[in-house]
Amino acid sequence: MGIPLNIDWQQILLHLFNFAILAGGLYFLLYKPVKNFMEQRIAYYQGMEQEAAAKIEQANAQELEYRQRLESAEQEANRKKEQAARDAEKTAQMILRDANKQREQILAQAKKDAQHEKEKILQDAKEEIVELAMAATVKMLHGEAVSHE
Amino acid sequence: MSKKKRVTGLIIWLGIVLALLVCGLLTGTPAAKQESIKEVMRDAVLHESNKISLFGILDVNPALVSALTVTAVVLLIAACIRIFIIPRFQYVPGKFQLLLEQMVGFFDNLAKTNSPHRNGFLGAYVFAAGVYIFIGTLFELFGLQGVTTKGMSIALPAPLSDINAAISLGCLSYLVILSGGIVGNGFRGVGSTLKDFSLPISMSFRLFGALLSGLLVTELVYYYIHLSFVLPVLVGIMFTLLHALIQTYVLTMLTALFYGEVSEPHKKK
């Protein structure tokens with residue numbers, strides 16, 4: 001008894017043989033090369049994307065670094081400004097102190113000079129008075145002598 | 001006379017000529033048929049009488065010659081594409097490159113989505129099966145003629161309209177599914193594949209039935225000359241295109257689905 005529907009095992013095997021050739025050929029000629037190309041393109045664009053992401057990350061890191069540098073520079077500038085203000089204050093106080101000291105010295109010197117001048121004037125006046133007294137005495141004595149004569 | 005009027009006149013004249021030609025053909029006496037419609041239909045299903053000699057070695061069903069022709073043509077085209085087109089592929093694809101990538105990408109994605117764990121071999125298999133079913137089904141549209149062992153001329157049918165071709169592809173798909181089960185899950189995979197023992201039969205006969213119905217309708221339409229005008233545009237081309245697409249999708253999708261199911265690693269409870 002034959003197989004229903006005229007099924008023929010030999011022809012089934014021949015169809016399998018035919019399909020095996022077709023599948024193998026299509027795999028090596030079309031499927032694999034096209035798939036490889038698509039994967040290569042995906043890898044290329046992923047590489048570009050990663051590169052872009054790395055560059056963005058690097059740019060962000062640089063921006064952060066520059067911002068930190070800017071902040072630290074501002075802090076340094078403020079610190080220096082404050083230091084300069086403190087130094088100026090200190091210098092001003094020192095100058096003021098020196099000026100006061102110098103003023104006191106000048107005043108003391110002036111007082112001393114004035115005292116000295118006063119004493120000298122008094123001494124001169126005394127000497128002048130003595131001289132005048134002596135002159136007057138001499139003159140008087142000379143007048144008396146003249147009158148006695 | 002303006003250009004528009006001339007074109008309108010030309011169209012009307014062509015219409016009249018065509019109508020007269022159709023009327024002339026329809027009113028003529030058809031030539032005597034070598035086979036009755038019953039014989040044609042029976043032979044389309046069983047391939048009992050019309051055999052073709054395969055290189056003088058053995059007599060085979062016409063569908064086997066169709067299958068070998070399809071394979072030769074497809075491989076020739078694939079070789080030309082491999083040699084002349086693929087080396088010139090660009091990262092920004094042209095139309096033809098896009099078509100090739102869509103084809104490969106479609107079957108590759110079908111394999112990946114239905115069988116996420118193991119899909120390398122499956123993608124290649126469903127691609128080959130899809131191309132074979134689609135181009136094999138469209139093959140009947142070309143109406144290539146073969147000479148039978150009785151000396152009659154017959155149009156070569158779609159390869160899968162032969163029960164032997166459908167059984168071979170259905171059983172091969174089942175074996176592929178079984179191999180997925182063995183590789184993925186070992187003995188458990190074999191068990192889960194054998195559980196669906198009706199799968200090769202359903203796959204084979206689904207293909208056979210779908211392709212054979214298309215063939216029978218086409219045979220019927222072309223058998224009568226009165227049905228051979230306008231109607232073949234619908235039944236011969238649109239239906240063939242439609243069931244080529246549907247059968248390609250159905251078999252590849254089912255294979256991928258069952259393959260994914262049986263190759264999925266078993267989770268221990």
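FYI, it's all coordinate maths here, none of it is from the lab. Keep in mind the model is a prediction, meaning the values are calculated, not measured. Heads up, the Cβs are rebuilt from the backbone with ideal geometry, glycines too, and the neighbour counts pull from every protein chain shown.
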Handout entry: Inter-site label distance for residue A:87 and residue A:50 at 7 Å from Cα along Cβ, in nm
Key = 5.3
Completion exercise
To the nearest 10 degrees, the tilt of helix B:163-185 (Cα long axis) against the first principal axis of the alpha carbons of chain B is 20
Problem - Distance in nm between pseudo-label sites at residue B:224 and residue B:206 (7 Å out along the Cβ direction from Cα) - result: 3.3
Fill in the blank from the handout: Once phi for every residue in the stretch A:138-144 is put through the Karplus expression 6.51 cos²θ - 1.76 cosθ + 1.60 (θ = phi - 60°), the whole-Hz ³J(HN,Hα) values, with Gly and Pro written as x, are 5, 5, 5, 5, 5, x, 5
Practice task
Please identify, among B:247, B:102, B:90, the residue showing maximal mean-square fluctuation in a Gaussian network model of chain B using a 10 angstrom Cα cutoff.
Solution key: B:90
Problem - Among B:98, B:74, B:217 - extreme Cα towards positive end, dipole of chain B, charges at beta-carbon - result: B:98
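How high is the FRET efficiency between residue A:7 and residue B:106 when r is their beta carbon distance and R₀ equals 25 Å, given to the nearest 0.05? It would help to have the intermediate numbers written out before the result.
Values: r = 32 Å, r/R0 = 1.30.
Rounded to the nearest 0.05, the efficiency is 0.15.
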Completion exercise
Expected sort for B:43-51, B:232-240 on mean C-beta neighbours within 10 Å, highest first, is B:43-51, B:232-240
Exercise for the section: Could you work out the mean projected area of the convex hull around the alpha carbons of the stretch A:22-148, in square nanometres to one decimal? Expected result: 14.5
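Ignore the peptide's own chain and count Cβ atoms of other chains within 10 Å of each Cβ in B:78-88; give me the average, rounded. All intermediate terms of the calculation are to be shown ahead of the outcome.
On the way: counts 9, 4, 1, 4, 7, 1, 0, 3, 6, 2, 0.
Partner Cβ neighbours, averaged per residue: 3.
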Problem - Selected from B:128, B:242, B:11, residue furthest toward positive end of dipole (chain B; charges at beta carbon) - result: B:11
Completion exercise
Packing-ranked peptide list from A:121-133, B:187-199, highest mean Cβ count within 10 angstrom first, is B:187-199, A:121-133
Problem - Cα centroid separation - the stretch B:49-120 against the stretch B:180-248, whole Å - result: 18
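What is the sum of charges, Lys and Arg at +1 and Asp and Glu at -1, for the other residues whose Cβ falls under 14 Å from the Cβ of residue B:235? Don't jump to the answer; show the numbers that get you there.
Values: positive: none; negative: B:140, B:219.
So the environment of residue B:235 carries a net charge of -2.
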Problem - With Cα atoms, 0 to 90° folded angle of helix B:95-114 axis to chain B main axis - result: 40
Fill in the blank from the handout: Once both label points are put 7 Å beyond Cα along the C-beta direction, the residue B:80-residue A:78 separation in nm becomes 7.8
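Counting only other chains, and only Cβ atoms inside 10 Å, what mean value do you get across the residues of B:162-175?
Numbers: counts 6, 8, 12, 7, 2, 8, 11, 4, 0, 3, 6, 0, 0, 1.
If you average over the peptide's residues, the count of other-chain Cβ atoms is 5.
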Practice task
Work out, step by step, the length gained on full extension between residue B:96 and residue B:197: first 0.36 nm times the residue separation, then minus their alpha carbon distance; give nm to one decimal.
Solution key: 32.3 nm
